[in-house]
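Just so it is clear, none of the values below were taken in a lab; they were calculated from the coordinates. All values derive from a computational prediction rather than experimental measurement. Virtual Cβ from ideal backbone geometry, glycine too; neighbours counted across all protein chains shown.
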Amino acid sequence: MDERTRLAVGTLLRVYADIDILALELCSDRLPFAPSAAARKELMDQIKEEVVHFAIQENTLNALGMPFSPVMTLDRRQEIKKWFSGLDWYGFLAALQLGIEGIGIVIVEQVALRAGTLIQESLRIPIADEMRQTSFGVREWKGLLGRCSEKERTEHLERVLRIFEELYVKAESALPVAFEDHWAVLGLKKEDLWVRVRERTLFILESAGFEAALPAGFIR
């Protein structure tokens, strides 16, 4: 791997590892307030998975000669956690399981497709686990929507789209990384990634029982 590629994938892996820690923290914070025993188990399972994900990324970063260091500042991290704490259970699922794990992972998948064996192996387990985590959020939302009137379903969709929009804005400000420069090293273009993000957003929403729709900020 040449130096440009090493720096690019190392920087991206630091971001992914930092998000793994954030997801772990968010699940831990929500754990006492989970609405059922099944929901508590799901959060505990995800916490265990995020620990494994971080350990894998940390080992890979050490192999790249770029030890882990947080990308988000403490203030930004606290802002995001405060925002999550104000969401109810279904808002939490929309933001974490559907938004971060379900939609955000599509960019990680594209990086893995174009990176070398070391990076692909470091992302294999996290990608598989996050698909499982997403499926829990999808099932929970699908169950809720199945009990709703048409008006309530429309209101829920509008709310979830707002959450996706807010999440994107917060991620953009909390992760001050020149993503496009690093993606370009791997042959990825921002406009192509947005196509994937839109496709995954529609897929996740339709799987959960929503009508096909996109947040305004995702239409470019």
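Quick notes
- For Glu155, the test of being touching a residue at least 24 places away in the same chain (Cβ under 8 Å) and in a helix (DSSP H, G or I) is failed.
- Among the residues of segment 70-113, those that are in contact (Cβ under 8 Å) with a residue 12 or more places away in the chain, among the charged types (D, E, K, R) and either touching a Cys at 6+ places or on another chain (Cβ under 7 Å) or closer than 22 Å to Pro35 by Cβ (or both) comprise Lys81, Glu101.
- Residue match in segment 162-183 (condition: surrounded by 19 or more Cβ atoms within 10 Å (Cβ to Cβ), farther than 18 Å from Gln97 by Cα, over 17 Å from the mean Cα position of the chain (by Cα) and touching a residue at least 40 places away in the same chain (Cβ under 8 Å)): yes
- The residue pairs whose first member lies in segment 15-30 and is farther than 13 Å from Gln133 by Cβ, whose second member is outside any helix (DSSP H, G or I), and whose beta carbons are closer than 7 Å, counting only pairs six or more residues apart or on different chains, are Val15/Val71; Val15/Leu175; Val15/Val177; Ala17/Phe68; Asp18/Pro70; Asp18/Val71; Asp18/Met72.
- Verdict on Leu144 being under 13 Å from Tyr90 (Cβ atoms) and either in contact (Cβ under 8 Å) with a residue 12 or more places away in the chain or in contact with a Cys (Cβ under 8 Å, 6 or more places away or on another chain) (or both): yes
- Checking the stated criteria, Arg40 turns out to be part of a helix (DSSP H, G or I), under 25 Å from Arg132 (Cα atoms) and charged (D, E, K, R).
- Among all residues of segment 50-60, there is at least one that is surrounded by fewer than 21 Cβ atoms within 10 Å (Cβ to Cβ) and of a type in the set (Gly, Ala, Ser).
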